[in-house]
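Q: To start, I am sharing the structure in question, which I have written as structure tokens.
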Amino acid sequence: MKLWIRVRSVLRNLFQKQHVEKQLDDEVRAYADMIADERVAAGMSASEARRTALADLGGAEQVKQAVRDRRAGAGMEILWQDARYGLRQLARNPGFTVTVVLTLALSIGANTAIFSIVNALMLKSLPYAHPERMGTIYTRIRGPIASDERHHVNGEQWELLRDHVPALISAVSGIRPSGVNLETRSHAQYVRAGRISEHYLDVLAIHPLLGRNFTKAEDLPHGTKTAILSYGLWHSTFGSNPNILGKAILLKGEPYTVIGVLPEGLTIPLSADVYTALQPSRDGEGAGTNFEAITRLRDGATWQEADAQINRAWSLRTNRYELEDNPGAQVSYYSVPLQKGETATLRPQALALMLAAGFILLIACANLAGLTLVQVLRRTPEIATRLALGASRWHIQKQLWIENLLLALLGGMVGVATGFLALRGLIALLPEHFLPVADVSLDGGVLAFTFLISLLTSVLFGMLPTLTTRRLDLRSAIGSRMTTGSDHLRLRQALIAGEVALTVVLLAAAGLLIRTLIHLQTLPPGFNPNGVMTATASLDDARYHDAAAFRKLLSESTAAMRQIPGVEQAAVGLSLPYERSLIMGGISISDGKEAGQKAMADEVYVTPDYFAALQIPVLAGRSFTDEDGPGTQRVTIVNREFARKFFHNANPVGRHIFEDMLIVGVVEDVAMAPGIDPIAPLTNESTMYVPATQMESSQISVVHVWFQPSWIVRTSGPVEGLTAQMQHALASVDPNLPFSGFYSMKDLLAKTLATQRVEVALLGAMAALALILSAVGIFALVANIVAQKTREIGIRMALGSTARQAMVHVGATGAWSAVVGLALGLVLCAGALRAMRSVLYGTSVYDSRTILAVVLMLATVTVIAAIAPTLRISRIDPAQTLREE
Amino acid sequence: MGPKQANLLQGTLDLLILKALGAGELHGLGVSRRIEQMTQGTFLVKPGSLFPALHRMEEAGWLSSVWGESENNRRAKYYRLTRAGKSQLEVETEQWATVALAMANALKAT
């Protein structure tokens, strides 16, 4: 009730101001009139009565003001007045206002966009019920080789986790989705399949839209073949058929019974079109760490209990791979939140980008501080006049702060729009499924963040100028036409130097990333990537579990492709250069002085023309031929790295591995995505190639679960409709085998280096933004000096100085701050860039070429920004300038 | 400050205004006169204090106002106590009595 009365008063005072004022005026006047009436009645003259009555009143205007000051909402009204005054000030200087708002929009926009990603990756809860109860398991190893990270788990670990850790509901899945063939009545299509264990959806707290999750029986090895459809596949391929449950679909060449359909718009760590039961065991796939575990804390249990149970269960294992080659290591396991586990690899990058965005904000603030300082100096006479007329310093300060705040909020609003656009662009730039989150949005958290940094910027750039008004000397300020204190100039130079220093760091960081990308893109590939077209198909299919069927498919399809006019070579390989490949552990070297040693290498099955099609040079021995078949001597070809690593660079041709597998050749290394030791995005890993014809049925069915082989054709020139003809050639052998897509080697390289390209694009954009802001800062500094010193320059020129000398004299002020900033920036680089070491390849942190490029770029921009505004000097007419005084 | 005037204690003015209006509605000058009369001339409330206080108390919901004719046909704004104002008067009277008694006792006990 009381609140309502108060609110009503405030509203009336604000919005019925005229009426309220009129009543106040009437009331006060009535008071004086009544006193005057009494005095006239008592015999005083009318004019005397009126005069004394007004004197008794103590000034009508003062009384009214006293009432106004006590009125409800008085503070708000004064604020409103100040804001309107501020807006008028901003409107009066459109150039200044637009510069400030644009600068803020760009810097706040950059921060908003980057923060949205940080927010989606790290701050927002995962979109599941009780995300705080979801986790995954980290393995901490202390010892000669220490590590602390999420490991994949093997079948034994999974069984122990499932059976001996009652505090958790646990589930495992394949590490990444694979490609499989889905045949419907009309056509066959290539879809992404995820393999998940029982309870996987329970851990995520996802309830199927139709049907149910996999049962324990279905998840046992050789259990019944069942499938759960994603909403998208159910909708697109099965027309949202509500009676789909219990029906069989032809997946991987076999009937799978549909037991469930997932709801729309889900985020699942293992994103796929269709899910089948993982059916994990300790053998086969489960003998290695090929599963990814997720967990959910059961009601009433604690993470401490869960961790204790995991450690107890996993310490008793017979085969502890963590201890291999790491004697005396201490291994412990602990749960981490699922979100951390899922985003761990992206976090450092996101934080580094956030830091870069913060730099941009600081640079913008330094610029704006300089600009507002000039603006306040220009207004010194006005401010001095207001002070002289009785405004309190507090009032002046408040006025300036309000103007800064208005600017910051205006910039913030435009910044949100800019950030939204930047974010759209950024997401378009990212490869599909790059971020492990469903969407990145400008939600309340992001908007609150933007609002906060708007406030922060207004404080940062507003602080300096407002402080200067505190030292304003009234008499000299009113007297002088323009104040250009040298300490103000020094201050602005320092600001410019600071922003240039930050720009140097960003430029150098971007430069190093660019060098890394160039290094990776221009690595000698070891083959000829031009004129090659590749296509991938899934052989994780019942029709090709048999080696003979597999051999027939490869030989007939490559033969058909060779018939395409313009095609010179056609081949098939399990994996391609630039891609990950299958890792084969436990390779034993069987003879010679290295006999008995164990090796680990990538293994790629290939058809005989693989090396010819990719033009991988054969360095020693021979290539595979059609003679290498299922019944003949088992043979292999190794790459140069394999020979270097396991045979000490000796020619290994004629030696044996795996007892009876003869090394018949050595080929050049090719650049590939690392599988064994991820030291760089592209490496030369030791690799053994085997003839596809010598693969056994058991091997074939296992490797095709993880890898989809590629068909390769080399053409002499561009071939019209090549991809359609390739699909046609494959269909002539198997009409129900679809290609997933067609890729040139350039596409594959781009896919492998996607992270690096995104990093370069983002940091490059920010460095460019920083450079532009710095250039604007230097330009504004010199332009102001020119405007302020027109008279001094006029006198100098009248005394015989040339325009060129005057230009150098003024421009040097800007150039000097840039030079100081550059030096400071290089010192900063020495410390800050060391943090980048882990993302740099083929270049060191202190790369002289990068530094040279940064210095040159900055020098060029500085010279342009410092000279452009001095061009006005040449138009200064000394006579006219002096006459104006 | 003349011999007839004493400093108004913080909060005293509100109580005096409430008391002055306790007998019935008055305009601004009337309130001022009534206070002077009630305190036998000890307190003279100047318009510079009176009007802000009246407006503030009206905004607080203790007073309501109407425009009316004064004795000599001037249009004047008349204030009267609202129900909240009446209870406020009771509360403040009680408080004042407590304070006054305490002060008197304190000053007596030398």
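Q: From A:VAL98, A:VAL20, A:VAL28, A:VAL63, which residue is at the interface with chain B (Cβ under 9 Å from one of its Cβ atoms) and either of a type in the set (Gly, Ala, Ser) or within 30 Å of A:GLN399 (Cα to Cα) (or both)?
A: Just a single option satisfies the conditions, and that option is A:VAL63.
Condition check ((1) out of contact with any Pro (no Cβ under 9 Å at 6 or more places or on another chain); (2) surrounded by 15 or more Cβ atoms within 10 Å (Cβ to Cβ); (3) part of a helix (DSSP H, G or I)) across all residues:
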position: A:THR345; (1), (2), (3): yes, no, no
position: A:PRO348; (1), (2), (3): yes, no, yes
position: A:ALA366; (1), (2), (3): yes, yes, yes
position: A:GLU382; (1), (2), (3): yes, no, yes
position: A:ALA391; (1), (2), (3): yes, no, no
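Q: May I pose another question? With the requirement that a residue be among the small types (Gly, Ala, Ser) and touching a residue at least 12 places away in the same chain (Cβ under 8 Å), what does the range A:298-314 give you?
A: A:ALA301, A:ALA306, A:ALA313
Q: Find the residue count for the range A:546-594, including only residues that are out of contact with any Leu (no Cβ under 9 Å at 6 or more places or on another chain), more than 25 Å from A:LEU682 (Cβ to Cβ) and in a loop (DSSP other than H, G, I, E, B).
A: 8
Q: Do you know which residues across the range A:160-189 are among the charged types (D, E, K, R) and crowded, with 17+ Cβ neighbours inside 10 Å?
A: A:ARG162, A:GLU183
Q: Also: Name, by its number, the condition in (1) crowded, with 16+ Cβ neighbours inside 10 Å; (2) in a helix (DSSP H, G or I) that does not hold for A:ILE795.
A: (1)
Q: May I ask you to list pairs of residues, at least six apart or on different chains, whose Cβ atoms are under 7 Å apart, with the first in the range A:865-885 being assigned to a loop (DSSP other than H, G, I, E, B) and the second being at pLDDT 80 or above?
A: Taking only residues 6 or more apart or on different chains, the pairs are A:ILE876/A:ILE793; A:ILE876/A:GLY794; A:ILE876/A:MET797.
Q: Is there a residue being facing another protein chain (nearest Cβ under 10 Å), in a helix (DSSP H, G or I) and polar (S, T, N, Q) anywhere in the range A:37-51?
A: Within the range A:37-51, none of the residues are facing another protein chain (nearest Cβ under 10 Å), in a helix (DSSP H, G or I) and polar (S, T, N, Q).
Q: Let me ask another. Checking the condition touching a Lys or Arg at 6+ places or on another chain (Cβ under 6 Å) and on the phi < 0 side of the Ramachandran plot, which residue from A:LEU323, A:LEU297, A:LEU361 passes?
A: The unique qualifying residue is A:LEU297.
Q: While we're here: Tell me which strands (runs of 3 or more DSSP E) are completely within the range A:211-310 and hold 2 or more residues being aliphatic (A, V, I, L, M) and more than 23 Å from A:PRO166 (Cα to Cα), or say none if there are none.
A: Passing ranges, in order: A:226-229, A:248-251, A:254-261.
Q: Assigned to a helix (DSSP H, G or I) and within 30 Å of A:THR112 (Cα to Cα): which single residue out of A:ALA770, A:ALA823, A:ALA783 fits that description?
A: So the residue among A:ALA770, A:ALA823, A:ALA783 that is assigned to a helix (DSSP H, G or I) and within 30 Å of A:THR112 (Cα to Cα) is A:ALA770.
Q: Quick one: which residue in B:GLN37, B:GLN95, B:GLN88 is out of contact with any strand residue (DSSP E or B) (no Cβ under 6 Å at 6 or more places or on another chain) and within 25 Å of A:ARG68 (Cβ to Cβ)?
A: B:GLN88
Q: Does A:ARG796 qualify as being without any contact (Cβ under 8 Å) to a residue 40 or more places away in the chain and in contact with a helix residue (DSSP H, G or I) (Cβ under 7 Å, 6 or more places away or on another chain)?
A: For A:ARG796, the condition - without any contact (Cβ under 8 Å) to a residue 40 or more places away in the chain and in contact with a helix residue (DSSP H, G or I) (Cβ under 7 Å, 6 or more places away or on another chain) - is met.
Q: Please determine, by comparing only the residues of the range A:75-92 that are of a type outside the set (D, E, K, R) and surrounded by 15 or more Cβ atoms within 10 Å (Cβ to Cβ), which one is nearest to the other protein chains (Cβ to nearest Cβ).
A: It comes out as A:ALA83.
Q: Could you please let me know if A:LEU574 is over 41 Å from the mean Cα position of the chain (by Cα), at pLDDT 95 or above and under 29 Å from A:SER744 (Cβ atoms)?
A: So A:LEU574 does not fit the description; no.
Q: Sticking with this one: Going through A:LEU102, A:LEU87, A:LEU54 one at a time, which residue ends up being part of a helix (DSSP H, G or I), among the hydrophobic types (A, V, I, L, M, F, W, C) and touching a Leu at 6+ places or on another chain (Cβ under 7 Å)?
A: The conditions single out A:LEU87.
Q: Quick one: what pairs do we get from the range A:514-530, first residue over 13 Å from A:TYR578 (Cβ atoms), second hydrophobic (A, V, I, L, M, F, W, C) and part of a helix (DSSP H, G or I), C-beta under 6 Å, 6+ apart or different chains?
A: These pairs meet every condition: A:ILE514/A:VAL760; A:LEU517/A:VAL760.
Q: Looking at A:TYR275, A:TYR256, which is the one that is buried (at least 19 other Cβ atoms within 10 Å of the Cβ) and without any contact (Cβ under 8 Å) to a residue 40 or more places away in the chain?
A: A:TYR256
Q: Among the residues of the range B:25-48, is any more than 18 Å from A:ALA60 (Cβ to Cβ), crowded, with 18+ Cβ neighbours inside 10 Å, in contact (Cβ under 8 Å) with a residue 60 or more places away in the chain and basic (Lys, Arg)?
A: So far as the range B:25-48 goes, no, none of its residues is more than 18 Å from A:ALA60 (Cβ to Cβ), crowded, with 18+ Cβ neighbours inside 10 Å, in contact (Cβ under 8 Å) with a residue 60 or more places away in the chain and basic (Lys, Arg).
Q: Only residues in the range A:674-689 that are without any contact (Cβ under 8 Å) to a residue 24 or more places away in the chain count as the first member; pair them with residues that are assigned to a loop (DSSP other than H, G, I, E, B), Cβ under 7 angstrom, at least 6 apart or cross-chain, and list the lot.
A: A:THR683/A:PRO674
Q: Among the residues in the range B:85-103, are any at pLDDT below 85, within 14 Å of chain A (Cβ to nearest Cβ) and surrounded by 14 or more Cβ atoms within 10 Å (Cβ to Cβ)?
A: Within the range B:85-103 (the criterion being at pLDDT below 85, within 14 Å of chain A (Cβ to nearest Cβ) and surrounded by 14 or more Cβ atoms within 10 Å (Cβ to Cβ)), the answer is no, since none of the residues qualifies.
The values are calculated or read from the model by the stated rules, or taken from the named source; none is laboratory data. Here the structure is a predicted model, which is why all the values come from computation and not from measurement. Here Cβ is always computed from backbone atoms with ideal geometry, including for glycine, and neighbour counts include all displayed protein chains.
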